[in-house]
Every structure is written in structure tokens, then in C-alpha cells.
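> Sending over a structure as C-alpha cells; questions will come in a sec.
The values are calculated or read from the model by the stated rules, or taken from the named source; none is laboratory data. For clarity, every value in this text was computed on a predicted model and none was experimentally measured. Cβ coordinates were reconstructed from backbone atoms using ideal geometry, including for glycine residues, and neighbour counts include every protein chain displayed.
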Amino acid sequence: MNQPDILVFAGSCRRESMNLKLAGAAAKIARAHAKVTLIDLADYPAPIYNGDNETADGMPPSIISLRQLFRQSDGFVIASPEYNGHVPPLLVNTLAWASRTAGDSKDDNVFAGKCAAVMAASPGRLGGVRVIPRLRDMLAELGIVVVPGFATVPAAHSAFDDDGQLSDSTATATVQGLIDRLIAHCR
Ligand SMILES: Cc1cc2nc3c(=O)[nH]c(=O)nc-3n(C[C@H](O)[C@H](O)[C@H](O)COP(=O)(O)O)c2cc1C
């Protein structure tokens, strides 16, 4: 059976980001059944979206590259921090830019019909769970089908081993189940 192309990224580009670790752990799990590309949004910097700047300077080259990655993927795994209960500005800004069309085609929504799995990690005891419904809404608005369920990692500062893998077998099983659903959906 064809292996779907899955793009994995985190909503944080902090060097020691727990969500980047969670994205890495999810990517490792997904590689058993999918072609996986793991990216760090630090490699795709973009100024805060402002329509005047877009008119004057166009789309940043980083976003043009990112849009190409989105376009060629069947599905996404997104591990996001929760900032004051919401989607963090890095993710909002990146998705806002990527939802623009670079003047290539009016209909070129690189997200339409794709599917996604969402997860969150936080040092807090709720694991960033409040970001999940907000992220779902945001992705749905872009035309992405978010698969049922989610994974959260509470106390994430102590949830990963030295290899960056989840130490807890229950958390690993939850991520595994979510990835399995995403891959089945992509197929
Ligand atoms: C502006 C701001 C708001 C935050 N709000 C929350 C929050 O609502 N819930 C939570 O669990 N953690 C919150 N945190 C803590 C983050 O979960 C923590 O900084 C985490 O390490 C960020 O994810 P990262 O490690 O992937 O960068 C907040 C952090 C910042 C900087």
C-alpha cells in the first residue's frame, strides 16, 4: 500500500522546545508506515503578517518553500504549545502567511483536503490541552480535516528520555494510536 507523505512540525522553534521533541517522537513513530518529513519552523522565519508588507515585498521565500512542503504532503502532525490557552503566535503567523496565494493562483489553497493530527506538550499538569480545540478550529478553517482524538504530554520537561523519545508507554501508545488514525485517513 502506498505510504502517505506526512509533514511533522511544532508550533515552537525554541531550541529546547518540548513540542519540537514531541514532534520528533511522533515522526519516529510515523516513519514505520509513512514518508515523513520533520521540519523546524526556525528554518522558515517570517515577519509578522502585514498586508502592506505583503503588497510591497511579496511572500517571504521561506513561506514559498513551506507552501510547497504543505502542497506535496498528504497530512500533517502538529505539536503545539498553549500560550494563554491559545494557539501560539508562531503557528498563527506561519499559517496566516501560508494561507496566502503568492499571486500564483487564486484557488491555490495548499491545505484543502489534507488531514492532520494535533498534539500538545506543556510543563503544566494539563499538557496544553486547551490549545487542542482552538487549533482544530484554525485548521478546519483552512480546509484541513483533523482526525479524531489528540495527544497531550503534561510535565513535558521530564517526559522525554536522552534520545528525545517519550519515556511513558501510555503517552507513546496515545501518540501511536493518533498517528495510525492519521495514516489510515490519509490513505
Ligand atoms: C506567553 C506564554 C503563555 C503561556 N501560556 C501557557 C498556557 O496557557 N498553558 C500552559 O500549559 N503553558 C503555558 N505557557 C508555558 C509553555 O507551555 C512553556 O513555555 C512551553 O515550554 C512552551 O512550549 P515549548 O517548550 O515547545 O517551547 C506559556 C508560555 C508563554 C511564553
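> Between residues in the range 14-30 that are touching a residue at least 12 places away in the same chain (Cβ under 8 Å) and residues that are surrounded by fewer than 20 Cβ atoms within 10 Å (Cβ to Cβ), which pairs lie under 6 Å by C-beta distance while being six or more apart or on different chains?
21/164; 24/164; 25/165; 27/38; 29/176
> Another one. Could you please let me know if residue 81 is part of a loop (DSSP other than H, G, I, E, B), of a type outside the set (Gly, Ala, Ser), modelled with pLDDT of 95 or more and crowded, with 17+ Cβ neighbours inside 10 Å?
yes
> Still on this model: Within the range 38-52, is even one residue on the phi < 0 side of the Ramachandran plot, modelled with pLDDT of 95 or more, polar (S, T, N, Q) and within 16 Å of the ligand (Cβ to nearest atom)?
The answer is no, given that none of the residues of the range 38-52 is on the phi < 0 side of the Ramachandran plot, modelled with pLDDT of 95 or more, polar (S, T, N, Q) and within 16 Å of the ligand (Cβ to nearest atom).
> I'm trying to understand the selection: among the residues of the range 84-95, which are touching a helix residue (DSSP H, G or I) at 6+ places or on another chain (Cβ under 8 Å) and assigned to a helix (DSSP H, G or I)?
90, 91, 92, 94, 95, listed by residue number.
> Determine the pairs where a residue that is more than 19 Å from residue 112 (Cβ to Cβ), located within the range 83-99, has a partner that is part of a helix (DSSP H, G or I) and more than 9 Å from the ligand (Cβ to nearest atom) with Cβ atoms under 7 Å apart, the partner being 6 or more residues away or on another chain.
Here the result reads 86/134; 87/134; 87/135; 87/138; 90/41, each pair linking the range 83-99 to a residue that is part of a helix (DSSP H, G or I) and more than 9 Å from the ligand (Cβ to nearest atom).
> A further question on this structure: For the range 6-59, which residues satisfy the criterion of being over 15 Å from the mean Cα position of the chain (by Cα), surrounded by fewer than 13 Cβ atoms within 10 Å (Cβ to Cβ) and under 30 Å from residue 174 (Cα atoms)?
Answer for the range 6-59, where residues must be over 15 Å from the mean Cα position of the chain (by Cα), surrounded by fewer than 13 Cβ atoms within 10 Å (Cβ to Cβ) and under 30 Å from residue 174 (Cα atoms): 15, 16, 32.
> If we scan the range 148-160, do we find a residue that is in a loop (DSSP other than H, G, I, E, B) and of a type in the set (Val, Ile, Thr)?
no
> Output the number of the condition that residue 109 fails; it satisfies all remaining conditions of (1) part of a helix (DSSP H, G or I); (2) surrounded by 15 or more Cβ atoms within 10 Å (Cβ to Cβ); (3) away from the ligand (no atom under 14 Å from the Cβ).
Among (1) part of a helix (DSSP H, G or I); (2) surrounded by 15 or more Cβ atoms within 10 Å (Cβ to Cβ); (3) away from the ligand (no atom under 14 Å from the Cβ), residue 109 violates only (1).
> For the range 163-176, give me the residue count where each residue is surrounded by 14 or more Cβ atoms within 10 Å (Cβ to Cβ) and in a helix (DSSP H, G or I).
So the answer is 5.
> When the residues of the range 9-33 are filtered to those that are more than 9 Å from the ligand (Cβ to nearest atom) and in contact with a Gly (Cβ under 8 Å, 6 or more places away or on another chain), which remaining residue is nearest to residue 66 (Cα to Cα)?
24
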